[in-house]
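Single-structure report; data block below.
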Amino acid sequence: MAEAVAGGAILTGAAPHPRRMSLSEAAVARLLILLLVALLLGIIALPLASLLSKSVEDGSGAFVGLRNFATYFSTPTLVASLFNSVAVAALATAIVVPLAFTYAYALTRSRMRLKGLFYAAALLPVFAPSLLAAISLTYIFGNQGFLRGALFGNSIYGPIGIVIAEILYALPHALVINVAALALADGRLYEAAEALGTRPARVFRTVTLPGARYGLISSAFVVFTLVVTDFGIPKVIGGQFNVLATDAYKQVVGQQNFPMGAVVGIVLLAPAILAFLVERTVQRRQVALLSARAVPLEPKRRPLADSLLTVFCGLVAGTVIGTYGVAVWASFITYWPYNLTPTLANYDFERFEPSGWDPYWTSLKMAALTALLGTGLVFTGAYLIEKTKQFGAGRFFAQFLAMLPMAVPGLVIGLGYVFFFNAPSNPLNWLYGTLAILVINSVAHFYTVAHMTATTALKNLDGEFEAVSASLKIPFWVTFARVTVPISMPAILDIAVYLFVNGMTTVSAVIFLYGAETKLASVAIVHMDEAGTTSAAAAMASAIVLTAIGAKLAQLGLSRFVFARLQRWRVR
Amino acid sequence: MSTAPFLRVAGLTRRFGAFTALDGIDLEVQRGEFVCFLGPSGCGKTTLLRAIAGLDRHDEGAIWMAGRDVSRAPPAERDFGIVFQSYALFPNLTVSQNVGYGLVNLRMRRAARESRVRELLALVGMPEQGTKYPVKLSGGQQKRVALARALATSPSLLLLDEPLSALDAKVRVRLREEIRDLQRRLGVTTIMVTHDQEEALAMADRIVVMNRGAIEQVGTPSDIYQRPVTPFVADFIGAMTFLDGVVTGPQRVQAGSIVLDCAGERGFLPGARVKLGFRPEEIRVRGVQAQDANALSVRIDGLEFLGAYCRARLAPDHAGATPITADFSANLMRDLGMAPGQTILVALPPESIRLFPVEA
């Protein structure tokens, strides 16, 4: 109504005078894009650049070319770690991808019951720090574990434990990709095949698999990268089995050998960049496969297949929930495995660490700030890139920078931040060890997924909103605030919760960056586990999981009840 | 041609919750016939086609194909080929692999399969294109490949679900002639679903006009056009002006203050309330005299230019009468120098007036 009145005023002659502002709308857009590029350069590109330059310097900062790399590849223990990492990651990938594909197939292509519940169960690991799976495994298969016998005398501390824990941790990531790939299907293709009298096996081979092929490839690369670069799990359960990620930590934190740490970081970057490139190519191809006239597939009832898939999903979901559940349960008992009396003593963190609950509150503050500032930056940035027309080169560069973190493992970003912000010559040097750097680092680390969510939401908006606004002489920032943000509220909330959950659970980047006053909960878990107080570590991890799940549930509730009202215009 | 129908559908009913998509459909299709299911969207024509194919299950009724009850048979056991509105070509297979897809299922030998595929591609006018992938083809070419794939196994029934929609106008007309020609040559019994009346009139041996899950009329194109049995059919196929009237005597009706002769319509008793209709192109202008049967003095209220002809809105002199729609050829317009506002004399030939019962 207000708009109608205002519009009426313009029509009836109270037209505004030609704007005599000091800055035109185009200039504002240009300035904002410039600001965005500068910001992204500072938080993403420069830290990475300093990682690269550190890798070709010696300890005193002199240029040494590729000598560090030569040293690296001629040090047997370091090369052994490289092989260990690749072997563990390859094995985990070979197991996770078929599991995730079958699980996703059940969720999308069967008439299995309780799909929502099964999906939620498999996503559980997303809400926990990766090392929680490892902590659980030590309870189950560790020296005091109740299923120790199942390992036939092998130790869980080492490759076996790493692979099992990584499988649990990587499963949801592979699952989400495969669900997306399998959800897109043209029902008519299946009908065409059926009408031609095709046997189910051939339909699967010629229609289902080709359609989902890109999801399989993409998830394989994503899982491989996740496992190679994960720090938490090998730290907790790796024992004497060294991998790249723990090497990087030892070189930088233990031996203060920054150049060698940088080299390990760059070695870690290689599979990640490869995965990123494959992912990009694959996504472009996937889109082209589905025509606009495709009709969504509605799975038919197949009693035998449906029950087999239900059993399979039950086993997988049961394993996930069971494993994580053990850690949560163990956090509430007195002394595993001798005294199983329920207790809250493990949550009295001061008994184990002088900092007590402080790391938890620091994490909460850090995650909340990351969500708040990150969402603002990401969404505004995506809007500038997607909807303004000025400064094409700047927008292109900003888009590139926004996509960059996807290719960079957290550990590598963390190393980059150490080298960049720890350098005495950097005027921002004072940031090192503050809460601010943890927030900035987390925003940068998780930028890409958030950016892609925002971009997708913005692409779904009518491209003519800005043109209409321009024709009504309304500057784009008014349209942004009055139309774009309210319409995109569900996506914005999604981004905020994504950043919050990851801020709560992240270990790999922040392990290099926290200071005495800003120790995070996830770092505290590492310390408590190192100190042998596993029950306290489990308790802290459980606190993180519950907080992260709480945030997700709050989002779902909010979308359901609050936004359902605010977004009434969506309902026809 | 044997007298037993190739396809028989009896009492076919399909409900989606409270909505009845098909309401007791009875239909027979002869061997070699080209039948069109025609109707507005949501009339049940696609549902009927999919029930015949076995892709959707029906709730009641039965389907016989070549004397065999296939009501519960899966699609693979029904012997038909189908072309979908979305081409549904397998994007990861080449044109040849698409066409040969059903032949592989029949475990045909490789050499025989390849020669059959070549034959089919030649048949649909696409030789030498076998190694391409569907994405590289135009919409019309993809339709041809889909057609070749459907025909590959020599099915005795060809089902076409809006095969020509989503193509541009010129391609549509050309492909429609080609499909008709191919169907005649192969003699394959064909059912096509369409919402385009022109397409149905041009291609079908018989048209099944459907509305709200029921069959309104079955007949040859000229039957349907010239002798529509319900106002719906009359209005859906071609255009028609409807007036409310009362039968006043044998072959006489009154609509408002206009009294009209009508020929050939029987079965209505004097006093019966009827709907009378006539087509725009049947209104005569040339050489009409005031004393002619059904001559009316009308004012030209509006003229809509449509290229080869004009659609005119005519207001009869009698106050309160419903406006009449008439089509005047460009030729006629020029000869008579017609312009809006003019008053002219027109006649409604008695044999062109159709009477329909008024629904209670």
With T = 20 °C, eta = 1.002 mPa s and Kirkwood Rh from C-alpha pairs, the Stokes-Einstein D of the stretch B:33-180 in µm²/s is about 131
Taking a straight Cα-to-Cα line shorter than 26 Å from A:Lys552, and setting aside same-chain lysines fewer than 8 residues away, one finds A:Lys115, A:Lys365, A:Lys459, A:Lys519
Near A:Lys235, which aspartates and glutamates are there with a Cα under 13 Å away, not counting those fewer than 8 places off in the same chain? A:Glu166, A:Asp247, A:Asp529, A:Glu530
Neighbourhood charge, 13 Å Cβ-Cβ cut-off, centred on A:Ile525 and excluding it, Lys, Arg +1 and Asp, Glu -1: -1
Scanning chain A for helices, which whole DSSP H stretches are 27 Å or more long along the axis (Cα) and average 1.0 or more by Kyte-Doolittle? A:76-109, A:159-183, A:209-229, A:258-289, A:303-330, A:534-557
How far, in degrees from 0 to 90, does helix B:169-186 lean away from the longest principal axis of the Cα atoms of chain B, to the nearest 10? 60
Given the options B:Ile207, B:Ile224, B:Ile283, state which has the largest fluctuation in a GNM of chain B using a 10 Å cut-off (strictly under) for Cα springs. B:Ile283
Which length gain, in nm to one decimal place, applies between A:Ala150 and A:Phe465 when the Cα-Cα distance is subtracted from 0.36 nm times their residue separation? 107.2 nm
Counting only C-alpha contacts under 8 Å and six or more residues apart, can you give the relative contact order of the stretch A:313-412 as a whole percent? 10
Tell me the Kirkwood radius of chain B: reciprocal of the mean inverse pair distance over distinct alpha-carbon atoms, in Å. 23.2
How large is ³J(HN,Hα), in whole Hz, for each residue of the stretch B:33-46 in order, when computed from phi with the Karplus curve 6.51 cos²θ - 1.76 cosθ + 1.60 and θ = phi - 60°, using x for Gly and Pro? 7, 10, 10, 10, 8, 10, x, x, 5, x, 7, x, 5, 5
Fully extended, how many nm does the chain gain between A:Lys365 and A:Leu553 (0.36 nm per residue separation, minus their Cα-Cα distance)? 65.8 nm
Fraction of alpha-carbon pairs over 21 Å apart in the stretch A:41-172 - percent: 64
How big is the C-alpha Rg of the stretch B:239-357 next to the rule-of-thumb value 2.2 N^0.38 Å, as a ratio? 1.05
Using just the alpha carbons, could you tell me how many Å³ per residue the convex hull of chain A encloses? 190
Using the Cα gyration tensor of the stretch B:315-355, with a ≥ b ≥ c the square roots of its eigenvalues, what is the shape: rounded (a/c below 1.5), prolate (a/b larger than b/c) or oblate (neither)? oblate
One finds, for B:Asp196 and A:Phe396 with R0 = 45 angstrom and r their Cβ-Cβ distance, a FRET efficiency to the nearest 0.05 of 0.50
Ranked list, fewest to most other Cβ atoms within 10 Å of each Cβ, for A:Val243, B:Val117: B:Val117, A:Val243
Alpha-carbon gyration tensor eigenvalues x 5, square-rooted, for the stretch A:278-421, Å: 41, 34, 14
Count charges around B:Asp59 for me, please; just the other residues with Cβ under 10 Å from its Cβ, Lys/Arg as +1, Asp/Glu as -1. +2
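Would you mind calculating the gained length between A:Ala38 and A:Ser307 on full extension (0.36 nm times residue separation, minus the Cα-Cα distance), in nm to one decimal?
Values: separation 269, 0.36 × 269 = 96.84 nm, distance 5.51 nm.
Value of the extension gain: 91.3 nm.
Please work out how many pairs of lysine residues in chain B are eight or more positions apart (or on different chains) and have Cα atoms closer than 22 angstrom. Each step should come with its number before you reach the end.
Details: B:Lys45/B:Lys143; B:Lys132/B:Lys143; B:Lys136/B:Lys170; B:Lys143/B:Lys170.
Close lysine pairs under the 22 Å cut-off: 4.
Read-outs: derived from the displayed coordinates by stated rules, not from any lab. Everything quoted here is computed from the prediction, not taken from an experiment. Glycine also receives a Cβ, built like all others from the backbone with ideal geometry; neighbour counts cover every protein chain displayed.
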